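Q: Just passing along the structure, written as structure tokens.
The values are calculated or read from the model by the stated rules, or taken from the named source; none is laboratory data. Given the structure is predicted, the values throughout are model-derived calculations rather than measurements. We place every Cβ from the backbone using ideal geometry, glycine too, and count neighbours over all the protein chains shown.
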Amino acid sequence: MTLAPNSPEARDIAYHFHSYTDAMAHAEQGPQIIEHGEGVFVFDNHGKRYVEAMAGLWSVGVGFGEDRLVAAAAEQMKKLPYYHNFAHRAHPAAIDLAEKLVTMAPVPMSKVFYTNSGSEANDTVIKMLWYRSNALGKPEKKKIISRNRGYHGVTIASASLTGLPNNHRSFDLPLPGILHTTCPHYWKEGRDGESEEDFATRCAEDLDAMIQAEGPDTIAAFIGEPVMGAGGVVVPPATYWEKIQAVLAKYDILLIADEVINGFGRTGNMFGCETYGIKPDAIVMSKQITSSYVPFSAILLNDRFYEPIAEESGRIGVLGHGYTGAGHPVGAAVALENIKIIEERDLVTKSAENGAYFREKLSQFARHPMVGEVRGVGLIAAVELVHPELGDTLPAGKLGAAMNKLLFERGVISRAMMDAMAFCPPMIIEREEIDLIVDAFADALTELE
Ligand code: PLP
């Protein structure tokens, strides 16, 4: 490919080191440059329009170009562009948002701790868990159980929670003391003749066996996304969460719900915990909390989690943890306005109803020879691609990458999680826009054959 030396593409190759990218391939193929967005659409630097069927990175819930969020950010920037929450200081937006989050939590919660990203929030959760166990005089209670295919971020500790090989390979991860149990991926992990419920029982038994083998007194917490996102949109089998929670309750192990993707309407309820009857001790939030207009994240903690930490900070004289940008006034103001929009426009119901429409439309592909499974809940879905003849002999991810390219050519931005094509569009999406995605997928599937 020849590029004009001063083109944005050439300058990107020259100067920009990309996240989650094969740097060598990037130097050959260059970037896809997105310049602006409107509603569910984004436009590249050649003016071509795409349906953003992933809402960016599962995150732009209210869509692109929402003037109310721009106004909220501008107003807050003029009033107080920055302040922090160290050493007893606060600002009104952080207080208002903390109250709002505690009030809207799906289960009783007592406090909000602010961070800047999903990774930092999960990293903070790990530190809080360790601090809590020390506070309780149980210094051996430090291990954390996560799941294969779970995604919790990329800092050293949160990448260790993440259960995906590419986040560990060549990084010398995971850290010791972070364990991974069975992924509740029925389509991939279920055995011949095993019902969904039996599979859920097996997942819970595997967890129980891991806890027994490690020693129940050494396990601080279990962390999971109600519905896994980056691991391939893994919708848990019926009874899964009920059975997992019963195991945790037996051993005094805290439950952390990572709602970074699920939260604020994605699963057809405000929180994924409501969709699956999960009663966590902490909820991790980011992405759709501000529709990603501003980086922001927050952790909701209940009394059981918070109180020993608060007491320990009293003994030591300080909680030695906090980020300069955490609870940023602009982020907090945008989050408040974003939540207001979600509530006023009832985007949660819209996500449930249009999600059902989307999944119904996608289900027409379920019997296609190149489709292994169509799954989803609310407005998050995946189509698992398979090769009818080559099957597992085809390198994992090859079909997904090919489909991604075909969809992009047809004006749809999706994301391939190996061979699972994920769809997670803005929650404002209308049915005719959903049809654009489905029609492009049908056309691309025909070409993939
Ligand atoms: N947790 C979940 C469930 C996520 O999906 C993500 C990101 O995709 C993270 C945590 C990490 O968030 P961030 O990329 O903001 O660090």
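Q: If I go through the range 223-247 residue by residue, how many of them are within 16 Å of the ligand (Cβ to nearest atom), β-branched (Val, Ile, Thr) and at negative phi? Before you say what the answer is, go through the steps one by one.
A: At the first step, the residues of the range 223-247 found to be within 16 Å of the ligand (Cβ to nearest atom) are 223-236, 241.
From the residues that got through so far, the ones that are β-branched (Val, Ile, Thr) too are 223, 227, 233-235.
Remaining after also requiring at negative phi: 223, 227, 234-235.
Total satisfying the criteria: 4.
Q: Looking at Arg202, is it surrounded by 23 or more Cβ atoms within 10 Å (Cβ to Cβ), more than 22 Å from Asn262 (Cβ to Cβ) and touching a Lys or Arg at 6+ places or on another chain (Cβ under 9 Å)? Lay out the reasoning, then the answer.
A: Values: surrounded by 23 or more Cβ atoms within 10 Å (Cβ to Cβ): no; more than 22 Å from Asn262 (Cβ to Cβ): yes; touching a Lys or Arg at 6+ places or on another chain (Cβ under 9 Å): yes.
Taking the combined requirement at face value, the residue does not satisfy it.
Q: Taking the stated definitions as given, is Ala230 among the small types (Gly, Ala, Ser) and either in a helix (DSSP H, G or I) or out of contact with any strand residue (DSSP E or B) (no Cβ under 9 Å at 6 or more places or on another chain) (or both)? Step through it out loud before you land on a result.
A: Working: among the small types (Gly, Ala, Ser): yes; either in a helix (DSSP H, G or I) or out of contact with any strand residue (DSSP E or B) (no Cβ under 9 Å at 6 or more places or on another chain) (or both): no.
No: the conditions fail for Ala230.
Q: Is it the case that Gly325 is under 22 Å from the mean Cα position of the chain (by Cα) and surrounded by 20 or more Cβ atoms within 10 Å (Cβ to Cβ)? If you could, list the steps in order and put the result at the bottom.
A: Numbers: under 22 Å from the mean Cα position of the chain (by Cα): yes; surrounded by 20 or more Cβ atoms within 10 Å (Cβ to Cβ): no.
So Gly325 fails the test.
Q: So, one more: Given (1) within 20 Å of the chain's Cα centre (by Cα); (2) crowded, with 21+ Cβ neighbours inside 10 Å; (3) away from the ligand (no atom under 12 Å from the Cβ), identify the lone condition not met by Gln288.
A: Checking Gln288 against (1) within 20 Å of the chain's Cα centre (by Cα); (2) crowded, with 21+ Cβ neighbours inside 10 Å; (3) away from the ligand (no atom under 12 Å from the Cβ), the one that fails is (3).
Q: How do the pairs read when you match residues in the range 31-57 that are under 25 Å from Phe264 (Cα atoms) with residues anywhere that are surrounded by fewer than 17 Cβ atoms within 10 Å (Cβ to Cβ) and modelled with pLDDT of 95 or more, using Cβ under 6 Å and keeping only pairs 6 or more apart or on different chains?
A: Close Cβ pairs (under 6 Å, with a partner that is surrounded by fewer than 17 Cβ atoms within 10 Å (Cβ to Cβ) and modelled with pLDDT of 95 or more) amount to His36/Phe43; Gly37/Gly65; Glu38/Gly65; Phe41/Arg49; Val42/Ile34; Tyr50/Gly411.
Q: Of everything in the range 134-169 that's within 21 Å of Ile244 (Cβ to Cβ) and of a type in the set (Ser, Thr, Tyr), which residue is nearest to the ligand (Cβ to nearest atom)?
A: Among them, the one singled out is Tyr151.
Q: Only one of (1) within 16 Å of the ligand (Cβ to nearest atom); (2) touching a strand residue (DSSP E or B) at 6+ places or on another chain (Cβ under 9 Å) is not met by Gly177, so which one is it?
A: Tallying (1) within 16 Å of the ligand (Cβ to nearest atom); (2) touching a strand residue (DSSP E or B) at 6+ places or on another chain (Cβ under 9 Å), Gly177 fails exactly one: (1).
Q: If you don't mind, there's one more thing I want to ask. Among residues belonging to the range 40-58 that are of a type outside the set (S, T, N, Q) and part of a loop (DSSP other than H, G, I, E, B), point out the one that is nearest to Phe296 (Cα to Cα). Before you say what the answer is, go through the steps one by one.
A: Taking the range 40-58 and keeping what is of a type outside the set (S, T, N, Q), we get 40-44, 46-58.
Adding the requirement that they be part of a loop (DSSP other than H, G, I, E, B) leaves 40, 46-48, 53-54.
Values: Val40: 21, His46: 31, Gly47: 30, Lys48: 30, Ala53: 22, Met54: 19 Å.
Among those that are of a type outside the set (S, T, N, Q) and part of a loop (DSSP other than H, G, I, E, B), it is Met54.
Q: Which of the residues that make up the range 114-136 are out of contact with any Gly (no Cβ under 6 Å at 6 or more places or on another chain) and either of a type in the set (Ser, Thr, Tyr) or within 23 Å of Leu57 (Cβ to Cβ) (or both)? Before the answer, list the steps.
A: In the first step, residues of the range 114-136 are kept if they are out of contact with any Gly (no Cβ under 6 Å at 6 or more places or on another chain); the result is 115, 117, 120-121, 123-136.
Passing the criteria: Thr115, Ser117, Glu120, Ala121, Asp123, Thr124, Val125, Ile126, Tyr131, Ser133.
Q: When the residues of the range 158-178 are narrowed to those that are surrounded by 22 or more Cβ atoms within 10 Å (Cβ to Cβ) and farther than 26 Å from Gly372 by Cβ, which ends up farthest from the chain's Cα centre (by Cα)?
A: Ile178
Q: Can you pull out every residue in the range 344-365 that is under 21 Å from the mean Cα position of the chain (by Cα) and farther than 30 Å from Thr446 by Cα?
A: Listed by number, the residues that qualify are Leu347, Val348, Thr349, Lys350.
Q: With (1) in contact with a strand residue (DSSP E or B) (Cβ under 8 Å, 6 or more places away or on another chain); (2) within 30 Å of Met228 (Cβ to Cβ); (3) in the same structural domain as Asn302 (by TED's automatic domain parsing) as the list, and Val51 as the residue in question, which single condition is left unmet?
A: Checking Val51 against (1) in contact with a strand residue (DSSP E or B) (Cβ under 8 Å, 6 or more places away or on another chain); (2) within 30 Å of Met228 (Cβ to Cβ); (3) in the same structural domain as Asn302 (by TED's automatic domain parsing), the one that fails is (3).
Q: So is Leu300 away from the ligand (no atom under 12 Å from the Cβ), under 30 Å from Ala356 (Cβ atoms) and not β-branched (Val, Ile, Thr) or not? Break it down into steps so the answer makes sense when it comes.
A: Working: away from the ligand (no atom under 12 Å from the Cβ): yes; under 30 Å from Ala356 (Cβ atoms): yes; not β-branched (Val, Ile, Thr): yes.
Yes: the conditions hold for Leu300.
Q: Still on this model: Taking the stated definitions as given, is Gly61 assigned to a loop (DSSP other than H, G, I, E, B) and either free of Cβ contacts under 8 Å to residues at least 40 places away in the same chain or aliphatic (A, V, I, L, M) (or both)?
A: Judged against the criteria, Gly61 is not a match.
Q: Take the residues of the range 233-248 that are part of a loop (DSSP other than H, G, I, E, B) and in contact with a Cys (Cβ under 9 Å, 6 or more places away or on another chain): which is nearest to Ser146 (Cα to Cα)? Talk me through it step by step, then tell me what you get.
A: From the range 233-248, those part of a loop (DSSP other than H, G, I, E, B) are 233, 235-239; that's our starting set.
The next check asks that each one be in contact with a Cys (Cβ under 9 Å, 6 or more places away or on another chain); those that pass are 233, 236-237.
Values: Val233: 16, Pro236: 15, Pro237: 17 Å.
Checking each candidate, the answer is Pro236.
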